[in-house]
Amino acid sequence: MKKTNVRWTVVALIFFATTVNYIDRQVIGLLKPYIQNDLGWSEADYGYIVTSFQVAYGIGMLVCGRMLDWLGSKIGYSIAIIVWSIGAVLHAFSRTVTGFCASRAVLGLGEAGNFPAAVKVVAEWFPKRDRAFATGIFNSGTTVGAIIAPIIVTAITLQWGWRMAFIVTGLLGFVWVVIWWLMYRSPELHPKVNAEELSYIHSEEHSEEKSAITWRQLFSQRQTYAILFSRFVTDWVWWFFLFWTPDFLNKTHGVDLQSTVLPLIIIYTMADIGGICGGHVSSQFIRMGRSADFARKTTILIFALLVLPLNAVPHIHNLWVVVPIIGLATSAHQAWASNIFTIVSDVYPKQVVGSMIGISSVGGAVGGALASTFVGLILQWTGSYEVIFMIASMMYLTAWLTLKLFVPIRQIQL
């Protein structure tokens, strides 16, 4: 077959969208000590601000999945990024906790569209055997964004102040929308996709009825609840890394904004490697002749075990021992994410992948909202991260057990 590079160009586009997504959402975590000193936030105030993002993110997930299945990837993705970019810029004009909560809510509503759109695009452009690897690549944008953000935010903040950091990073999304609108087409409409490659893209599809599938049908399946619960118990851990790691390093190891750049680069580079490796290991198992069920679940178990050392972090006083342990945990999360997104496209018909990613992400957003308030209050009451790290270390094994017991990985008939 004469292959083109169009599929990987598409992956590159959604990789860059995901990178911008994570740059925008990480800015507030990096600037927390600065803004806290400037505006007088308490730990609980910060927890409420993060919670407002999570609540809006969850609401957005309920809307974005259906919107994407209705409007299609090109239009739906564009709307999502425009909304979140507006939300990112609004932070610069906020003066109160309420103002930041409102800005985070707009950001969360828009950012909710990224992963349903990206997973839907992968399902449209790749056969099942290639999806985990493609998902791992675009999902690595989360960690590339987390790596780039400290560099950009530090430089802008030291030169022009923290408000300008929100403006500059927020404008990146508008640039992406222009590029996406000029370049993206569905496989059937893309002039560079030949008949052989189109056949390859659809090679593992079964004949499916294209009639509408309702949420009632999705919620009639136990897999829906299990996937939603697995996101509920794990997604908040990633949010914790993203929004509290700079603060943890500052308060427990005396790392300031400039000095935090190298530790965060190490942590999120490890996460980036983990995301790609998680997709590669899973896809490799399938190429070796193992079932998708074995491949996804075994990969998740392997990486879940790598999170367990996180429990020791609050008791270690050497920064350069703590950093790789946190990095290992972030790596495991990204490997988990590459596989859980792919599981959705393995189990559900293509026409409802966007909706199902949205539904499952609500579980993650609810868990994140509850955890954000919980983390803020625990820190205010105890001044210690010990309980938080202990709980976080066990969550991925809990998720693996849930999938093992309740989610046979084969496409369901709706």
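The values are calculated or read from the model by the stated rules, or taken from the named source; none is laboratory data. Remember, it's a predicted structure, so these values are computed and weren't measured experimentally. Counting neighbours? That spans all protein chains shown, and the Cβs are built from the backbone with ideal geometry, glycine included. The protein model used for the area step is the full one, side chains on, heavy atoms only, and it has no ligands, DNA or RNA in it. Shrake-Rupley method; radii C 1.70, N 1.55, O 1.52, S 1.80 Å.
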Members of region 205-224 that are assigned to a loop (DSSP other than H, G, I, E, B), surrounded by 13 or more Cβ atoms within 10 Å (Cβ to Cβ) and at pLDDT 80 or above: 221
Selection from region 286-313 of residues that are within 17 Å of residue 344 (Cα to Cα), open to solvent by 40 Å² or more (accessible area, probe 1.4 Å) and among the charged types (D, E, K, R): 293
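Table: residues versus (1) among the basic types (Lys, Arg); (2) outside any helix (DSSP H, G or I); (3) under 23 Å from the mean Cα position of the chain (by Cα).
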| position | (1), (2), (3) |
| --- | --- |
| 371 | no, no, yes |
| 374 | no, no, yes |
| 381 | no, no, no |
| 384 | no, yes, no |
| 400 | no, no, yes |
| 408 | no, yes, no |
| 413 | no, yes, no |
Criterion: in a helix (DSSP H, G or I), open to solvent by less than 10 Å² (accessible area, probe 1.4 Å), under 18 Å from residue 219 (Cα atoms) and touching a residue at least 24 places away in the same chain (Cβ under 8 Å) - qualifying residue of 362, 353: 353
Residues of region 37-56 satisfying the condition of being closer than 17 Å to residue 378 by Cβ, polar (S, T, N, Q) and more than 24 Å from the chain's Cα centre (by Cα): 42
Boolean, residue 175 is open to solvent by 60 Å² or more (accessible area, probe 1.4 Å), modelled with pLDDT of 75 or more and either closer than 29 Å to residue 26 by Cβ or touching a Lys or Arg at 6+ places or on another chain (Cβ under 8 Å) (or both): yes
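For region 251-263, enumerate the residues that are crowded, with 17+ Cβ neighbours inside 10 Å, part of a helix (DSSP H, G or I) and at pLDDT below 90.
261
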Those helices (runs of 4 or more DSSP H) lying entirely in region 91-165 with at least 1 residues open to solvent by less than 20 Å² (accessible area, probe 1.4 Å) and farther than 25 Å from residue 269 by Cβ: 97-111, 114-125
Filter pass, residue 405 being of a type in the set (A, V, I, L, M, F, W, C) and open to solvent by 40 Å² or more (accessible area, probe 1.4 Å): yes
So residue 4, is it polar (S, T, N, Q) and modelled with pLDDT of 90 or more: no
Selection from region 1-38 of residues that are among the aliphatic types (A, V, I, L, M) and more than 20 Å from residue 108 (Cβ to Cβ): 1, 6, 10, 11, 12, 13
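Working only within region 246-264, note down all residues that are β-branched (Val, Ile, Thr) and over 18 Å from residue 310 (Cα atoms).
Matches in region 246-264: 255, 260, 261.
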Out of 59, 75, 35, 28, sole residue that is without any contact (Cβ under 8 Å) to a residue 24 or more places away in the chain and β-branched (Val, Ile, Thr): 75
Cross-chain or 6+ apart pairs with Cβ under 7 Å, region 284-299 first and on the phi < 0 side of the Ramachandran plot, then β-branched (Val, Ile, Thr) and outside any helix (DSSP H, G or I): 292/409; 293/409; 296/409
Residue in region 82-103 that is touching a His at 6+ places or on another chain (Cβ under 8 Å) and on the phi < 0 side of the Ramachandran plot present: yes
Residue within region 9-19 that is within 22 Å of residue 363 (Cα to Cα), in a helix (DSSP H, G or I), open to solvent by less than 20 Å² (accessible area, probe 1.4 Å) and small (Gly, Ala, Ser) present: no
Any hit, region 267-285, residues being out of contact with any helix residue (DSSP H, G or I) (no Cβ under 7 Å at 6 or more places or on another chain) and either assigned to a helix (DSSP H, G or I) or open to solvent by 30 Å² or more (accessible area, probe 1.4 Å) (or both): yes
